Amino acid sequence: MKTSRGRWFAGFTTGAALIAALFGEGTVRAAEEPTARLVNIATRAQIGGNAGTPIAGFVLGGTGTKRMLLRAVGPGLSAFGVAGTLADPSLALASGSTTMGSNDNWLAADAATMANVGAFSLPAGSRDAALVSTLAAGAYTAPVIPVGGGTGVTLLEVYDAATTTGASLVNASTRAFVGTGDNVLIPGFVVSGTGYLRLLIRAVGPGLTGFGVNGALADPTVTLFRGTTALATNDNWSTAANAAEVAAAAATAGAFTLTTGSRDAAILATLPAGSYTAVVSGVGNTTGTALVELYALGATMAEPTVTFTPRFVRVAGGSYTMGDSFNYVDPGHPSDEVPLHAVTISPFYIATTLLTCREYCDYLNAALAQGLIEVRAGLVYRRGGTEILSDTTTAYPHSTILFANNVFTVRSGRDLHPITGIRWFGATAYCNWLSSRDGYAACYNLATGDCDFTKNGYRLPTEAEWEYAARGGQTNPYRKFPWGDDTNTDGTYANWEGSGDPWETADYPRTTPVGFYDGSLRSKADYGWPGAMATYQTKNGTNGFGLTDMSGNVWQWINDWYQTDYYQYCVTNRVVADPPGPATGSKMPDGLTYRGLRGGNWYNGGGQVYFGHARVANRDPSYFRGPDPVTGRNDPDGPYFHVGFRVMRAEKATTTTNTVGLMQNASGAFNGYTLMAPMHSTTTYLLNNAGQYVRKWTSSYEPGRSAYLLENGNMIRAGMVRTGGPSTGGGEGGRIEEYDWEGRLVWAFDYVSPTYIHHHDFKVLPNGNVLLHAARLPGGGEADPTLRRHGGVGVAHLGSPDPELQLHPRQLWGRRGASRVGERQRLGHQDPAVLEPRERDRLPSRARSDHDQRSREQRAVDHRSQHDDGRGRGAHGRPLRQGRRYPLSLGRPAAVRPRHQLQPHSLPAASHPLDRARPPRRGQHPDL
């Protein structure tokens, strides 16, 4: 053991000491005051040879003194399975040019201090080094020197060894060599106390050259982890969205200034107590010396806010004429922008900018840590999924996202550029993740791509919503572009093919930062663009809603399939309110269907000849993406390096009140829903005006001849029992079954035998019972030859007595069925009124009025009754019936009352399920 005191060397200082204490001496803290503080930094690093000497640095702020523990562990790492450790490290402590102490082999007397701070124990007699010292406020450095010039791995640790107030650890850093693989720089640190600690974390490479450091890492990137969860990552600090905030934080902390445009990295984070890791690596597996720094900026009780949330603007609902108003014909797919048709859009919120590379990269790291995604051959997939979400540079050299060491990073200088390389499923996966993070209900089924418009989460805009947003309110007169009719001949409104922007000579993708075209004079000093011009004057391409890049830069995914004649379909079927898009797309030359794209892009689209596909009315299928400059492959194998997206969220779901009960909305109802039970299928569908199913119910039986929706959202239908009953001449049945809105069987009743069977229609009565129409053979199983036959067709049951049963649905002791509460017979089911007068005459006078009422009920059940009042009810008030189109809100007849009275309470789900299922419309009651 060797210990010495005296002068040593100047060392390397990480920054000026803070002038004022962050925690004042002698302060009595109330229970609610935060005490979060930095108490430890530990860095595993290579030493010796090309790796040089690792140096720890720290700053104590405030007044008074602080007891500190420093360790340089080599042999002690062997117990953790670390190979190639430094055999004999020594440690020195310096303040400026004054040596405060040194150690080669640790002292047994310091073991208690190590235990108190929670440091792992060192083997007795090991050649690890340790120093315990009480220090005044100031800046200190602690280099590790290999005894005998050895090389290997060492762990350099700095601990706050006292919990008393006074001086505090306000900065901790390590300068070391950054290798590749397991030899990247991995500092860990610990936050202790209550509340949250705001930290500035920097990975400095190019910034070291000003201090005479040779071999500095040219382009470092830093990723912050808690356990295996990536919390944040950064490549270039000055291109990040919070660059100004980072610069201000560095100035406040007394950190040396980083040059704008340098490739140093920085993260601002607000963290609760816990252990964290900051992984520093070189972009493209480069190596060199880097400095990783932690600056404590102060404690707070406020929870941290996420910095990568898109900014949204509310777009008020309204009506407009959708399509091309200028008789423009796109030669690639003519006539898909006509006919012009009226559309009404409900209010929604939409991102003011395209989603950036930084935002999508943050999502990828979070989703990877959550086990939601995986990377295969450089392509990102949903875990266990088959659809590609996005690509990385491993799979495609012009991707904007890198993936190395299990961490996603953004290519240099691309943080504020729009994300590219995104597939449609990659955009929807982001929407669902963002919904979950922000506490909204996810809209997408990621396995099928189905969108549930009743959910309140984030999604892609429909084609109608996108065009309404892109026009920015310009409807009198209509305009070609978001900014007006100027055709962008000088390229200063938007980034189109050949527009001449400062990134026109850049590596692919030649995107511009989001929101670049806002009328500002842009400077190369701020953006570091590859173009030769020092400044670039933009025109304001922002539209009337405050949305940028609605024309050019990158294609934008929309929710809809691309269907060439969808506009004609909307006109023919009167689809006006919030068109949801077609149920599928037009087949492209490869025989497949594709989702739609909007907005044009930097790469192709005819440039100034065809306005870069960037007219607000322009429609494009994602099949036509152009040739790939890397592989030469063309559609449908073209590139995605010009495809991105922006997100939106419908307002309708946020205005629903917590009221339970039935709410009519007759004034706002519109045609557009059909209940359909296809023959030879066991599924009954509720379809909207676009042919998409809103809800489906699956049975074990093929359908009979009737299906209805009830006012509580349940569906009741006839089922066909194929064997066991007499022929019904086409009125197949035998079973009645009711399902709830979620598709669960509520009750069922079978009425079938060799001599009788339910057939044709049934009716739900006001008391909740069900009137069932049936057919029965005479006692011998033969038809009565004296009774008339229908149309000369010799069907056995046509002359037989027809029973009508009244059923009381029940769900008792786990058995779902119905009780028979009444039955009567009549002959000639083809004309139920044939014998009715004589039957009435036989009744006592006091019972005739009751009989008259029942007779009216019976006539309503007759399968021949086709009367309809055009408002979703038959002449006798029957519910919405299969095969017809009705106003949705009036699918619940006023004559039918609920079996159980609903009472208002505080639960959500106020309205009938159909009100939640339908697309929103203008003027809709806020409770629907």
Checklist entry - Does at least one position in the range 48-55 carry a residue that is in contact with a strand residue (DSSP E or B) (Cβ under 6 Å, 6 or more places away or on another chain), under 30 Å from V73 (Cβ atoms) and modelled with pLDDT under 75? => result no
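Yes or no, residue by residue, for (1) over 22 Å from the mean Cα position of the chain (by Cα); (2) of a type outside the set (S, T, N, Q):
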{"site": "V313", "(1), (2)": "no, yes"}
{"site": "S319", "(1), (2)": "yes, no"}
{"site": "H333", "(1), (2)": "yes, yes"}
{"site": "T344", "(1), (2)": "yes, no"}
{"site": "P347", "(1), (2)": "no, yes"}
{"site": "Q370", "(1), (2)": "no, no"}
{"site": "R382", "(1), (2)": "no, yes"}
{"site": "D391", "(1), (2)": "no, yes"}
Next on the checklist: What's the number of the only condition in (1) over 26 Å from the mean Cα position of the chain (by Cα); (2) surrounded by fewer than 23 Cβ atoms within 10 Å (Cβ to Cβ); (3) more than 21 Å from T194 (Cα to Cα) that G274 fails to meet?
Outcome noted: (3)
Checklist entry - Can you find even one residue in the range 608-628 that is assigned to a strand (DSSP E or B), acidic (D, E) and modelled with pLDDT under 95? => result yes
Checklist entry - Among the residues of the range 452-489, how many are more than 16 Å from the chain's Cα centre (by Cα) and closer than 21 Å to G596 by Cα? => result 13
Checklist entry - Among the residues of the range 413-421, is any surrounded by fewer than 23 Cβ atoms within 10 Å (Cβ to Cβ) and of a type in the set (D, E)? => result no
Item to check | Answer residue from the range 423-455, given it is polar (S, T, N, Q) and touching a strand residue (DSSP E or B) at 6+ places or on another chain (Cβ under 7 Å) and is nearest to F312 (Cα to Cα) among those | outcome: S435
Next on the checklist: For the structure I just gave you, tell me whether G11 is modelled with pLDDT under 90, out of contact with any helix residue (DSSP H, G or I) (no Cβ under 7 Å at 6 or more places or on another chain), under 24 Å from G138 (Cβ atoms) and small (G, A, S).
Outcome noted: yes
Checklist entry - Could you give every pair whose Cβ atoms fall below 7 Å, whose first residue belongs to the range 488-499 and is free of Cβ contacts under 8 Å to residues at least 12 places away in the same chain, and whose second residue is of a type outside the set (K, R), counting only separations of at least 6 or pairs across chains? => result G491/S499; G491/G500; G491/D501
Checklist entry - Yes or no: H341 at pLDDT 90 or above and of a type outside the set (F, W, Y)? => result yes
Next on the checklist: For the range 668-678, check the following and say yes or no: at least one residue is farther than 22 Å from G449 by Cβ, in a loop (DSSP other than H, G, I, E, B) and modelled with pLDDT of 85 or more.
Outcome noted: yes
Checklist outcome for this item: Subset of the range 504-552, residues in a loop (DSSP other than H, G, I, E, B) and of a type in the set (S, T, Y), comes to T505, Y508, T511, T512, Y517, S520, T538, T542, T548, S551
Checklist entry - Any idea which residue in the range 371-411 is surrounded by the fewest Cβ atoms within 10 Å (Cβ to Cβ), counting only those that are in a loop (DSSP other than H, G, I, E, B) and in contact with a helix residue (DSSP H, G or I) (Cβ under 6 Å, 6 or more places away or on another chain)? => result E387
Checklist entry - Where residues in the range 745-800 are of a type in the set (G, A, S), touching a strand residue (DSSP E or B) at 6+ places or on another chain (Cβ under 6 Å) and closer than 16 Å to G731 by Cβ, which of them is modelled with the lowest pLDDT? => result S800
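The values are calculated or read from the model by the stated rules, or taken from the named source; none is laboratory data. Note that the coordinates shown come from a computational prediction; the quantities given were computed from them, not determined experimentally. When we count neighbours, we look across all protein chains shown, and the Cβ atoms used for this are built from the backbone with ideal geometry, even at glycine.
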